[in-house]
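Here's the structure we're looking at; comments come further down.
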Amino acid sequence: MNRTSSTVVLGAIALVVLGTLGFDRYPLDSYEYTGIRRLRAYAMIRDGQMPGNVPLPAGGRLSRSDIQLRLAGVNEGLELPPTIERDSALQAGLDRVVGRRHDSYRAAILDITDPLRPRYAAVRPEQGYIPGSVGKLLVMVALFNELAQLHPDDIGAREELLRNTRVVAGPFAMPNSHEVPVVADDWSR
C-alpha cells in the first residue's frame, strides 16, 4: 500500500470512528447554507411548525457558529509511519470489546484527539474486510477530490455544486430503512 492510499484508508477509519461517536449531525440552522432539506424539516419540527417528534442529541442542537474545527491546520496530512505502534491502553480497551468475539470480527481505531500524537489499536488488522461505511467514505473522498480538481481555488464553487446538484438513484438503490423528514421547498403549514 502506498503512502497516499494509506492516508486515505487511515482518514476513512478516523471518519468512521468520529461518525460512531455522534459527530455526524449537521447543525439545524444550516439549511440555507447546505440546502439539505432534512435540516429544515428537523428545525421545523423542533420549532413546532411541522408535526413530528425527533429527539435531538445535544450536538444536534448546536448552531453553526458553535462548531469550531479545532483540528484544522494541525497535522492535516496525518502522516503516520507504515508500522505505527499500538497504544497499549487503547489496545486493551479494544481487546476487551472485540478481541474475544468470533474470529470474523475485526476493528481498527485511530484516535486523533491529539493530532500530533495519534493513537492506534487494532484487532485482526491483517484480515481483509471492508465494511459498507468505508466504501461510502471512499466514494466521498473521490467526490471531494474531483470537486478540488474542478475548482482548485474556489471553495464557494464547490459548495454551490454540492448544494445545487441533485442525483436521483436508479432501481439499483436500496430504500431507506428508517424515516427521514424532508420538506419540499414550497411546503407551508
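Any residue at all in the range 103-114 that is of a type outside the set (S, T, N, Q), over 21 Å from the mean Cα position of the chain (by Cα) and more than 22 Å from Val134 (Cβ to Cβ)? No, because not a single residue in the range 103-114 is of a type outside the set (S, T, N, Q), over 21 Å from the mean Cα position of the chain (by Cα) and more than 22 Å from Val134 (Cβ to Cβ).
Look through the range 120-151, keep the residues that are surrounded by fewer than 11 Cβ atoms within 10 Å (Cβ to Cβ) and either within 26 Å of Glu85 (Cβ to Cβ) or among the aromatic types (Phe, Trp, Tyr) (or both), and return whichever of them is modelled with the highest pLDDT. Checking each candidate, the answer is Glu126. Every condition in (1) out of contact with any strand residue (DSSP E or B) (no Cβ under 8 Å at 6 or more places or on another chain); (2) open to solvent by 80 Å² or more (accessible area, probe 1.4 Å); (3) not basic (Lys, Arg) holds for Asp154 except the one numbered (2). Here Arg86 passes the criteria (1) at pLDDT below 85; (2) in contact with a strand residue (DSSP E or B) (Cβ under 6 Å, 6 or more places away or on another chain); (3) open to solvent by 50 Å² or more (accessible area, probe 1.4 Å) except the one numbered (1).
Is there a residue being within 30 Å of Thr165 (Cβ to Cβ) and open to solvent by less than 50 Å² (accessible area, probe 1.4 Å) anywhere in the range 75-82? Yes, the range 75-82 contains a residue that is within 30 Å of Thr165 (Cβ to Cβ) and open to solvent by less than 50 Å² (accessible area, probe 1.4 Å).
Restricting the search to the range 89-112, which residues are acidic (Asp, Glu) and exposed (fewer than 10 other Cβ atoms within 10 Å of the Cβ)? Matches in the range 89-112: Asp103 only. Inspection of the range 125-134 finds no residue satisfying the criterion of being without any contact (Cβ under 8 Å) to a residue 12 or more places away in the chain and of a type in the set (Phe, Trp, Tyr). Please verify whether the range 104-122 includes one or more residues that are in contact with a Gly (Cβ under 9 Å, 6 or more places away or on another chain) and of a type in the set (Phe, Trp, Tyr). Scanning the range 104-122 turns up at least one residue that is in contact with a Gly (Cβ under 9 Å, 6 or more places away or on another chain) and of a type in the set (Phe, Trp, Tyr).
Could you list, in sequence order, the residues of the range 147-166 that are within 10 Å of Gly35 (Cβ to Cβ), outside any helix (DSSP H, G or I) and of a type in the set (D, E, K, R)? Answer for the range 147-166, where residues must be within 10 Å of Gly35 (Cβ to Cβ), outside any helix (DSSP H, G or I) and of a type in the set (D, E, K, R): just Arg166.
The values are calculated or read from the model by the stated rules, or taken from the named source; none is laboratory data. All values derive from a computational prediction rather than experimental measurement. As a convention, Cβ positions derive from the backbone with ideal geometry for all residues, glycine included, and neighbour counts pool all protein chains shown. Surface areas here come from the heavy atoms of the whole protein model, side chains and all, with no ligands, DNA or RNA. Shrake-Rupley method; radii C 1.70, N 1.55, O 1.52, S 1.80 Å.
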